[in-house]
Amino acid sequence: MEGYVSDSESPMVEISGIGKTLGKTVALQDVSLSVRRGELFGFVGPDGAGKTTLFRILATLLMPDKGKAVIDGMDVVTDFRRLRSRIGYMPGRFSLYSDLTVEENLQFFATVFHTTVKENYERIRDIYSQIEPFRNRRVAALSGGMKQKLALSCALVHCPDILLLDEPTTGVDPVSRREFWEILHRLKEQGITILVSTPVMEDARMCDRIAFMYEGKIMAVDSPDVVLHRFRSILCPDALDSVPVISEEEPAICVEGLTKCFGDFTAVDHISFSVKRGEVFGFLGANGAGKTTAMRMLCGLSIPTSGKGTVAGFDILTETEKIKQNIGYMSQRFSLYDDLKVWENIRLFAGIYGMDENTIRRRTDEILEEIGLTSERDSFVGELPLGWKQRLAFSVAVFHRPQIVFLDEPTGGVDPATRRQFWELIYQTAQSGITVFVTTHYMDEAEYCHRISMMVDGKIVALDTPDVLKKTYGAANLDDVFQQLARKSVRKAD
Amino acid sequence: MILKFLLEKEFKQLFRNSFLPRLIVVFPCMILLVLPWAANLEIRNIDLLVVDKDCSSLSKRFIHKIEASDYFRLKGISTSYDEAILRLEKGEADAVCEISRQFEEKWIRKENPDILVVVNAVNGTKGSVALSYIRQIIADYAEELALENATSKIVPKFTVNVHNRYNPHLDYKIYMLPALMVTLLTMLCGFLPALNVVSEKERGTIEQINVTPVGRWIFILGKMIPYWIIGFVVLTLGIVLSGLVYGLFPAGSLVVLYLLSIVFVLAIAGLGLIISNYSATMQQAMFVIFFCMLIFILMSGMFTPVESMPQWAQFITIFNPLKYLVQVMRAIYLKGAGLADLSVQAGALLAFATVFDSLAVWSYRKKS
Amino acid sequence: MVKQWLAFIKKEFCHIFRDKRTMLILLGMPVVQILLFGFAITTEVQNVKVGILSPSYDVWTNRLIQRVDASEYFDVVSMFASQDEVNEAFRRGKVDMVVSFQHGFGDALERDEGAVQLIADATDPNMSVMRSAYMSGILSSFREDLMKGENLSSSGIDTQVKLLYNPQMKSSYNFVPGVMGLILMLICAMMTSISIVREKETGTMELLLVSPVKPVFVILSKTVPYFVLSLVNLVTILCLAVWVLHVPIAGNLLWIILVSLLYIFVSLSLGLLISSVARTQVAAMLGAGMILMLPTVLLSGLIFPIESMPSLLQGISVLLPARWYISLIRKLMIEGVPLFYAWKELAILLCMAVALLLVSLKLFKNRLE
């Protein structure tokens, strides 16, 4: 076969001088690198660095403007048909059919790739066996970790030689993330070449080599330790430290026996805890442990099935509207108006909380200064990078000086430097006396919290300061604590 | 106070949208400039074939009478009935008129001669209107002949004359224009709100609003008022266009016209918001509203009279807000009716607005 | 290849069956439309509200009024004494027509000078013409009875009427072909384009493109379920038309179905065309709605006869596949003429099918851009 070289010495992926412009933005600029056969190769870099565009070019979905990319001797432009049957691709969002069941999705993709689930069952058993108990459940009802495993099963079902995984671990809890990497290592042992992009540095350390991408260019390709050390200011910022300003008045949040059932499924099962005023309280748990449900009850978005409690001194059963006046909320999905300008979004929500025109005007300037977005005052929110949007959403949530602010996975999908900046904001807010209630999947962030709680299967199984928890469970870091606790979970789904 | 900020937001979003402001201006213009010509059930230019088997002076005179009429286009005179019917089947003619043999002879013998009229009745309206016109010509002709033949006393006992009120030239466009304004208000002020709340759901922004202390009434009002104003703009545009282009001005009071239209907009926008509140995706909302609008428009009496419907259908129209506004528009535009004449319709529209808007507020859930 | 194909089709059916609300509307829409158009949307003269304006009532006026009231078309609902009352009743919509007698009608009648005026609410011109004609008919039959009473020969012209194809003048005969044209277009073009664009939006199209299955094949498989769905609707409409509306199928059923298949084919190609241009579901929906549905409803002859439109609009209607399809079905199904008489429509539809398919396949992209 012409141009088909399969000796084990030649590189699996050879990219030379690739450039790509999308609309007006230069997405990739003169990108060259080569990946060895059987290598686990990572891409790190901030949001918008061009990782997704590069993956799409390799997956034959986009044509490069300049340069050449060859995978296993096949050119991605001219030989794309032959190449397509050799690639396993997992796009950034889990591209599954949410109205089909787990099994239907897998079977469908198997058939599309001219194979059957049975034929390659051995190949995917490792992963698929974990979700097989739920094979008749619709994808829409799966948790993030399970969707991820299903998406990977679908990408693997036809035994590809090379896997392209674009940010596969975003929004996935540490337990599932660790399992995911164990699977990748096993796949690697079977000889599959894996290209994976990630904003999480723990993930990057699991790769053989990583490339650091920045503004469409490759800044460095080397072993993870070397790259992370060279760019540690961006990739591994120093830890933050703060002493809580806790007031010993009545607690900001106090709940007892809070329960929420959906049909015969108990999402939140009699949880009791209290959060002191001025604290940064971390609310941890695996995907589907019931964090978001609990948080929605505290914010008055959802009515508890049973239990009682107060938030900001108001009853969560009867005084939800008063609670709303005294809290701020930032949701998992970015939820400001894309078609309004930065200052207009601030003005809208400040107005809804009943602030007067003068105060709004004065505070808008102050807060933009604080979050460093003064120059973006008149930009449309939709045009901002993700990290900036998150900072803006945070400042909108605290603009009316609430007593408590609830943050639901506020930093998903951004790089460590941006996350660190975000946490500086959180600390500033906490110093000014606002209680912060935050959920996260990043254990480095959990370390930043004054106290953390761990939720497993709808119950709180541990609650203390990070240091005490580490001691109690004899662990070196919070990740270990999390692994120990969350692996006890019997409820794998939802 | 809070309302001010919500409205500011709605209007900014509206004007920033690349599509909606254009839609609000272009759509009414398109509808009002194109539709009266397209939505035209005016029946003129009926293609007629005459089969003259008599070929006498009397039959010639009859043919001339047909030619002189506004309503018919004489497509030809043939002598073979079969040939004429063939041409009718091919769609070259809408009706065939056969003058029987011995037409003149019979007339002279004081027997009644006869004429056979064959009409393509696939389109029932067109068929029956064509038939009415032909019958009229025949009746006129018979009378004309009878008068000439005045020896015997067959002069009619009494005369009938028809007086067409409110639309003396029987202009179909004048009939449709007021109803088209109702369509406009329905499409713009019904469709857009239906997509509004559900699009906030899809984008997730509604969640941020739900955690704020904003009240349900205020929120729905903030969504409603922009459509109220859009309705106002659209209606004004409609009135100006129909005045300038078609020379049609309302015979009755403009104030009453605006007043009742605004009540209607509140009702239909309320309905849109209810659908929006219950839909999970824009596609769902779009289908449901499309389905509702279809039924509403067809059963509003806009194209076909409500009185012609069977009893059960007439009963259903009681619950159709469009029916009342169509009646109001036509009564004010053509008949010059005042508020006192329209009290029933006004009452009904008010009731719809109250019920729909309350339901819209009720169905908007801040909590689950 | 067959296996992949079946897998695709199975998946598409799952999508359709699991969205209950949309499916209900897709299957319910034809039923509701047919029932509405068949029963509710009629221009038959019925229940006409008649008022009587007469300064004096005598034996003759009473006989005439009874005559009018006895007719199946007219209901005498009110008696007026003055012109002002008449005006008010018209404004309020209480009457559709007023029969106005001169003063001393009975005496004038005996002197052969009787005169009756029909005042019609002509806001709706067609209905007004038909109502006046029906009323004139009743009045002249009354006149003939008078003459017979006096033993006079009522010399006139006898008119025989033959109503072709639709002897009862039912509106449904006209609307059934139109509804078929509309529903098939809606399901094929709109639903196909939306379902393809949805895969683009959710990102699953990326995966399908990466698979070794030929992209054109992916797209063609997506049309199959909608093809089946439109067949179901076609059968539903035909059954409802025959057994509920009693519209006979005058022509050859086989030809009707073959022609419908051709039209479905045209609509599917249109749907593919829209899906390769549109980026979001909303854009596809609005595009299909504005560019296809609105003109189809208004300009294809579904409700409004094309002949009465100005030539510009007639020109636009030439471009609509629905226009030719509706015309074809009217000829084949209602009139029952041989296919030979409709060769023009058939040829145009065939050309459209070929052209649209070529264009939409040409526009289809193998990649994301």
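Here residue B:210 meets the list (1) under 30 Å from residue B:302 (Cβ atoms); (2) within 7 Å of another protein chain (Cβ to nearest Cβ); (3) in contact (Cβ under 8 Å) with a residue 60 or more places away in the chain almost entirely, failing just condition (1). The C-beta contact set for segment B:279-302 (first residue at the interface with chain C (Cβ under 7 Å from one of its Cβ atoms), second residue among the basic types (Lys, Arg) and open to solvent by 30 Å² or more (accessible area, probe 1.4 Å), distance under 7 angstrom, 6+ apart or interchain) comprises B:284/C:21. Scanning segment A:338-366 for residues that are among the hydrophobic types (A, V, I, L, M, F, W, C), assigned to a helix (DSSP H, G or I) and within 20 Å of residue B:213 (Cβ to Cβ) returns A:346, A:348, A:349, A:350, A:352, A:360.
Looking only at segment B:204-254, filter to residues that are within 23 Å of the chain's Cα centre (by Cα) and among the β-branched types (Val, Ile, Thr); which one of those is farthest from residue A:301 (Cα to Cα)? Taking the candidates together, the pick is B:245. Is one or more of the residues making up segment C:314-329 of a type in the set (Phe, Trp, Tyr), more than 14 Å from chain A (Cβ to nearest Cβ) and within 24 Å of residue B:85 (Cα to Cα)? Yes - at least one qualifying residue is present in segment C:314-329. Of everything listed in (1) touching a strand residue (DSSP E or B) at 6+ places or on another chain (Cβ under 9 Å); (2) modelled with pLDDT under 85, the single unmet condition for residue A:278 is (2). Annotation: of all residues in segment C:157-216 being charged (D, E, K, R) and more than 30 Å from residue A:86 (Cβ to Cβ), the one that is nearest to the chain's Cα centre (by Cα) is C:170.
Residues of segment A:82-93 that are more than 7 Å from every other protein chain (Cβ to nearest Cβ) and open to solvent by 50 Å² or more (accessible area, probe 1.4 Å): A:82, A:86.
Residues are listed down the side, and each one gets a yes or a no for (1) modelled with pLDDT of 80 or more; (2) buried (at least 21 other Cβ atoms within 10 Å of the Cβ); (3) more than 14 Å from the chain's Cα centre (by Cα); (4) part of a helix (DSSP H, G or I):
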{"residue": "C:27", "(1), (2), (3), (4)": "yes, no, yes, yes"}
{"residue": "C:36", "(1), (2), (3), (4)": "yes, no, no, yes"}
{"residue": "C:39", "(1), (2), (3), (4)": "no, no, no, yes"}
{"residue": "C:43", "(1), (2), (3), (4)": "no, yes, no, no"}
{"residue": "C:49", "(1), (2), (3), (4)": "yes, no, yes, no"}
{"residue": "C:52", "(1), (2), (3), (4)": "yes, yes, yes, no"}
{"residue": "C:55", "(1), (2), (3), (4)": "yes, no, yes, no"}
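Of the helices (runs of 4 or more DSSP H) contained entirely in segment B:154-257, those carrying at least 2 residues that are of a type in the set (Gly, Ala, Ser) fall at B:192-203, B:216-246.
If you go through segment B:307-329 one residue at a time, do you hit one that is at pLDDT 90 or above, of a type in the set (A, V, I, L, M, F, W, C) and touching a Cys at 6+ places or on another chain (Cβ under 8 Å)? There is no residue in segment B:307-329 that is at pLDDT 90 or above, of a type in the set (A, V, I, L, M, F, W, C) and touching a Cys at 6+ places or on another chain (Cβ under 8 Å).
Scan segment C:273-280 and give yes if some residue there is of a type outside the set (Asp, Glu) and within 12 Å of residue C:191 (Cα to Cα), otherwise no. Yes. Just one of the numbered conditions (1) touching a strand residue (DSSP E or B) at 6+ places or on another chain (Cβ under 9 Å); (2) more than 21 Å from residue A:158 (Cβ to Cβ); (3) β-branched (Val, Ile, Thr) is not true of residue A:78: (1). Among the residues of segment A:325-353, the ones that are facing chain B (nearest Cβ under 8 Å) and either without any contact (Cβ under 8 Å) to a residue 24 or more places away in the chain or touching an Asp or Glu at 6+ places or on another chain (Cβ under 6 Å) (or both) come to 8 in all. Only one entry of A:305, A:310, A:318 meets the criterion of being free of Cβ contacts under 8 Å to residues at least 24 places away in the same chain, more than 30 Å from residue A:93 (Cα to Cα) and of a type in the set (Ser, Thr, Tyr), and that entry is A:318.
Listed by position, the strands (runs of 3 or more DSSP E) enclosed by segment A:11-93 that each have at least 2 residues that are among the β-branched types (Val, Ile, Thr) are A:13-22, A:25-35, A:66-71. Taken over segment C:74-107, the residue count meeting the criterion of being in a loop (DSSP other than H, G, I, E, B), under 22 Å from residue C:127 (Cβ atoms) and open to solvent by 70 Å² or more (accessible area, probe 1.4 Å) is 2.
Counting only strands (runs of 3 or more DSSP E) wholly contained in segment A:247-324, the ones carrying 1 or more residues that are within 14 Å of chain B (Cβ to nearest Cβ) and farther than 26 Å from residue A:445 by Cβ occupy A:253-262. Every condition in (1) aliphatic (A, V, I, L, M); (2) closer than 29 Å to residue C:221 by Cβ; (3) within 9 Å of another protein chain (Cβ to nearest Cβ) is met by residue C:32 except one, and the failing one is (2). Please specify each residue of segment A:303-314 satisfying the condition of being open to solvent by less than 30 Å² (accessible area, probe 1.4 Å), closer than 20 Å to residue A:402 by Cα and out of contact with any Pro (no Cβ under 9 Å at 6 or more places or on another chain). The answer is A:309, A:311. Between B:98, B:105, B:42, the distinction of being within 24 Å of the chain's Cα centre (by Cα), of a type in the set (Asp, Glu) and farther than 30 Å from residue A:336 by Cα belongs to B:42 only.
Every condition in (1) at negative phi; (2) facing another protein chain (nearest Cβ under 9 Å); (3) modelled with pLDDT under 85 holds for residue C:112 except the one numbered (1).
So that you can scan it fast, the table gives a plain yes or no per residue for (1) crowded, with 18+ Cβ neighbours inside 10 Å; (2) modelled with pLDDT of 90 or more; (3) polar (S, T, N, Q):
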site: B:241; (1), (2), (3): yes, yes, no
site: B:258; (1), (2), (3): no, yes, no
site: B:261; (1), (2), (3): yes, yes, yes
site: B:277; (1), (2), (3): yes, yes, yes
site: B:281; (1), (2), (3): no, no, yes
site: B:288; (1), (2), (3): yes, no, no
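The values are calculated or read from the model by the stated rules, or taken from the named source; none is laboratory data. This is a predicted model, so every value here is computed, not measured. As a convention, Cβ positions derive from the backbone with ideal geometry for all residues, glycine included, and neighbour counts pool all protein chains shown. These accessible areas exclude ligands, DNA and RNA; they are computed on the full protein's heavy atoms, side chains included. Shrake-Rupley method; radii C 1.70, N 1.55, O 1.52, S 1.80 Å.
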